[in-house]
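Chemist: Below is a structure I'd like to ask you about.
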Amino acid sequence: MSDFNKFKFCIAPMMDWTDRHCRVFHRLMTRRTRLYTEMLTTGAILHGDRARLLGFDACEHPVALQLGGSDPRDLATSAKIGEDFGYDEINLNVGCPSDRVKDGRFGACLMAEPALVAAGVEAMKRAVGIPVTVKCRIGIDDQDPETALDEFARSVVAAGADALIVHARKAWLDGLSPKENRDIPPLDYHRVYRLKAAMPQVPVIINGGIASLAEAKAHLEHVDGVMLGRAAYQEPWRLLSVDSELFGEPAPHAAMKDVFAAMIPYIERELARGTRLHSIVRHFVGAFHGVPGARAFRRHLAEYGVKPGAGVNVLRDAIALVEERAKTPIAA
């Protein structure tokens with residue numbers, strides 16, 4: 001079974017957010033965090049522009065590819081393609097509640113079909129030598145999480161899943177929008193704790209509504225890992241504390257301005273390849289939360305970062321608007 005410690009702290013896969021530029025930015029704040037791609041469907045991987053969809057910077061390791069799909073053969077082929085691209089893990093999405101996902105028979109609706117998910121996991125395990133993991137909810141619609149989650153977990157672990165990432169909410173596919181499904185169903189962390197107690201041999205990572213490293217530490221008393229979502233994206237400065245707080249190691253960079261200094265060469269390379277500045281700097285808006293000048297920083301990026309031909313000096317000028325004193329990384 002997988003090394004439990006490798007899943008200790010992760011950043012959730014988030015559509016339209018955790019693209020390759022975002023992941024490079026996050027990696028410059030923490031060496032030890034496990035990063036995840038946005039969900040990619042098997043159809044996109046099999047028939048789309050793989051270099052564009054799957055390409056990533058070597059600095060991102062360890063980084064996992066999240067797949068959406070249900071056909072075991074397509075999942076196996078896509079997983080192998082991901083492994084050949086250099087990903088460190090294949091993660092199957094059984095948690096996304098969007099209508100598009102539901103109509104395509106992937107995402108959270110698959111919690112009603114544990115045997116099909118298990119067949120997909122088994123096929124991927126035969127195809128690749130890297131860990132295969134599953135991200136799910138505690139249940140969907142009228143399912144009883146006490147029985148449904150255990151049945152689902154036993155099924156996919158028996159098929160070879162190396163770890164389970166559990167969003168500690170139900171998904172209501174009938175009646176709630178995807179946005180509402182992120183907030184309205186109540187969190188039930190203790191249900192995830194009970195799953196871990198019932199499956200001590202399996203790494204269990206908890207996800208959903210976790211807003212700080214202090215909360216992450218509390219969860220780690222009960223489970224093997226914590227996956228941070230929106231808090232990691234909207235308040236990325238929190239990541240400066242991860243390596244020291246959770247792993248007893250120094251951060252790659254002490255302060256956010258140091259992170260941006262290290263980010264500049266990457267941005268220059270991307271601009272030379274034709275990437276627009278805005279597609280990179282849009283991930284930076286929460287970088288200086290609570291620091292004098294943060295609002296001016298955001299405003300400058302919003303006004304000038306979108307202009308055709310915008311260059312790295314836009315970011316340099318925005319950073320110069322922020323007060324020199326570095327924000328002290330905090331865990332709360």
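The values are calculated or read from the model by the stated rules, or taken from the named source; none is laboratory data. Keep in mind that what you see is a predicted model, and the values were worked out from it rather than measured. All Cβ positions, glycine included, derive from the backbone under ideal geometry; neighbour counts span all protein chains shown. When the accessible area is computed, the model is the full protein with side chains, heavy atoms only, and any ligands, DNA or RNA have been set aside. Shrake-Rupley method; radii C 1.70, N 1.55, O 1.52, S 1.80 Å.
Chemist: Shape call for segment 221-323 from the C-alpha gyration tensor, a ≥ b ≥ c root eigenvalues: rounded (a/c under 1.5), prolate (a/b greater than b/c) or oblate? Before the final figure, lay out each step's value.
Modeler: Values: a/c = 2.04, a/b = 1.78, b/c = 1.15.
Cα axes put segment 221-323 in the prolate bin.
Chemist: Also, I was wondering about something else. What 222 nm value per residue comes from the helices of the chain, counting each DSSP H run with n ≥ 4 as -39,500 (n - 2.57) and dividing by all residues, nearest 500 deg cm²/dmol? Before the final figure, lay out each step's value.
Modeler: On the way: 16 runs with 140 residues, N = 332.
That calculation yields -12000 deg cm²/dmol at 222 nm.
Chemist: What is the extension gain from Asp144 to Leu46, computed as 0.36 nm multiplied by their sequence separation minus the C-alpha to C-alpha distance, in nm to one decimal?
Modeler: Taking Asp144 through Leu46 to full extension adds about 31.7 nm, to one decimal.
Chemist: Follow-up. So, for segment 105-168, what is the accessible surface per residue at a probe of 1.4 Å, expressed in square angstrom?
Modeler: Working: 2090 Å² over 64 residues.
Accessible surface, normalised per residue, equals 33 Å².
Chemist: Taking only protein heavy atoms and a 1.4 Å probe, what accessible area per residue, in Å², does segment 210-332 have with all protein chains in place?
Modeler: Numbers: 5620 Å² over 123 residues.
Per residue, segment 210-332 has 46 Å² of solvent-accessible surface.
Chemist: Can you classify segment 266-317 as rounded, prolate or oblate using the Cα gyration tensor, where a ≥ b ≥ c are the square roots of its eigenvalues, rounded means a/c under 1.5, and otherwise it's prolate if a/b beats b/c and oblate if not?
Modeler: Details: a/c = 2.43, a/b = 1.94, b/c = 1.25.
Note, shape of segment 266-317 comes out prolate.
Chemist: Amide H to amide H under 5 Å from Val226: which residues, 5+ apart in sequence or cross-chain, H placed 1.01 Å off N in plane?
Modeler: Phe9, Cys10, Ile206
Chemist: Next up: If the elastic network links every pair of Cα atoms under 10 Å, which of Asp19, Asp243, Asp57 fluctuates the most in the Gaussian network model of the chain?
Modeler: For the chain, modelled as a Gaussian network with Cα springs under 10 Å, the answer is Asp57.
Chemist: Also: Assuming R0 = 22 Å, what is the FRET efficiency of Gln201 and Phe247, from their Cβ-Cβ distance, to the nearest 0.05?
Modeler: 0.40
Chemist: Right, next: Mind checking the angle between helix 72-85 and the chain's longest principal axis? C-alpha axes, 0 to 90 degrees, to the nearest 10.
Modeler: 30 degrees
Chemist: Further question on the same structure: If you roll a 1.4 angstrom probe over the protein chains with everything in place, what fraction of the accessible area of segment 13-115 belongs to carbon and sulfur, to the nearest %? Each step should come with its number before you reach the end.
Modeler: Values: 1880 of 3790 Å².
Percent of accessible area from carbon and sulfur atoms in segment 13-115: 49.
Chemist: Here's something else I'd like to know. Could you check the spin-label model distance between Glu323 and Glu303? Points 7 Å from the Cα along Cα→Cβ, value in nm.
Modeler: 2.1 nm
Chemist: Right, here's the next one. How many nm is it between the label spots at Val285 and His61, if each spot is 7 Å from the Cα in line with the beta carbon?
Modeler: Going from the Val285 label point to the His61 one covers 3.4 nm.
Chemist: Going toward the positive end of the dipole of the chain, with +1 on Lys and Arg Cβ and -1 on Asp and Glu Cβ, which of Val312, Ala51, Leu67 do you reach last?
Modeler: Among Val312, Ala51, Leu67, the one farthest towards the positive end of the dipole of the chain is Val312.
Chemist: Would you work out which of Leu195, Gly229, Ile206 lies farthest towards the positive end of the dipole of segment 140-272? Charges go on Cβ: Lys and Arg +1, Asp and Glu -1.
Modeler: After comparing all options, I get Gly229.
Chemist: Is there a quick way to get the dipole size of segment 1-140? I mean about its Cα centre, with the Cβ of Lys and Arg at +1 and of Asp and Glu at -1; what is the value in debye to the nearest 20? Each step should come with its number before you reach the end.
Modeler: Numbers: 19 positive and 17 negative charges, 74 e Å.
Computed about the Cα centre, the dipole is about 360 debye.
Chemist: With a ≥ b ≥ c taken as the square roots of the eigenvalues of the C-alpha gyration tensor of segment 174-267, please select rounded if a/c is under 1.5 and otherwise prolate if a/b is larger than b/c or oblate if it is not?
Modeler: Numbers: a/c = 2.86, a/b = 1.47, b/c = 1.94.
Because a/c hits 1.5 or more and a/b fails to exceed b/c, segment 174-267 counts as oblate.
Chemist: By a straight-distance test (C-alpha under 20 Å), which aspartates and glutamates pair with Lys170 as possible cross-link partners, with residues fewer than eight away in the same chain excluded?
Modeler: Asp99, Asp103, Glu113, Asp141, Asp142, Asp144, Glu146, Asp150, Glu151, Glu180, Asp183, Asp188
Chemist: What is the calculated FRET efficiency for Ser177 to Leu220, with r their C-beta to C-beta distance and R₀ = 45 Å, to the nearest 0.05?
Modeler: Numbers: r = 32 Å, r/R0 = 0.70.
Working from the Cβ atoms, E equals 0.90.
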